[in-house]
Amino acid sequence: MGPSWVVRLSLLSLALINSAVAKDDCQPSTWRLKAVATSSGINCRMSEVTGSKVDAEACASMATKWDITVEKFYELNPRLNNDCKNIVPNIRYCVDGFPEPLRAHDGKCGPSHNDATCVGTDKQCCNKNTWTCGDTK
């Protein structure tokens, strides 16, 4: 199962943040994302603890309670199997959040490097010619 449109939209929105920059600052650049986006984990904003008795219906029940799809629930909890048979009682599961983009902590960014982003690192700009992070374009 590939990433949902929400994942792709989240990653794209990070690339488009603050597109108004001075001429000498890094200019925004976009590239076609891969079919499977790489994430460095889930940023969970809300979670819920399961009860003492759970079954394969617990995932759907939690998704309904929090008004999200079961697919979104599995996306937020990647350790769960898609049949929910490995859910564990009295464990906290994510019900609201988003995938964190892969950060270019090694200074290599863009499509040649698993679509890693420079945003959130010391060098905020991804040079579209060298696919390395820097302070300007």
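The values are calculated or read from the model by the stated rules, or taken from the named source; none is laboratory data. Bear in mind the structure is a predicted one, so any value in this text is a computation, not a measurement. Backbone-built Cβ (ideal geometry, glycine too); neighbour counts: all protein chains shown.
Pairs needed: first member in the range 84-98, at pLDDT 95 or above; second member anywhere, loosely packed, with under 12 Cβ neighbours inside 10 Å and in a loop (DSSP other than H, G, I, E, B); C-beta distance under 7 Å; at least 6 residues apart or different chains.
The qualifying pairs are 89/51; 89/52; 89/53; 90/52.
May I ask you to list the residues in the range 69-83 that are in contact (Cβ under 8 Å) with a residue 40 or more places away in the chain and assigned to a loop (DSSP other than H, G, I, E, B)?
Matches in the range 69-83: 82 only.
Name the single residue, out of those in the range 57-94 being aliphatic (A, V, I, L, M) and touching a Cys at 6+ places or on another chain (Cβ under 8 Å), that is surrounded by the most Cβ atoms within 10 Å (Cβ to Cβ).
Step one: filter the range 57-94 for residues aliphatic (A, V, I, L, M), giving 58, 60, 62-63, 68, 70, 76, 80, 87-88, 91.
This time we only want the ones that are touching a Cys at 6+ places or on another chain (Cβ under 8 Å), so: 58, 60, 70, 76, 80, 87.
Working: 58: 20, 60: 13, 70: 15, 76: 24, 80: 18, 87: 20.
That would be 76.
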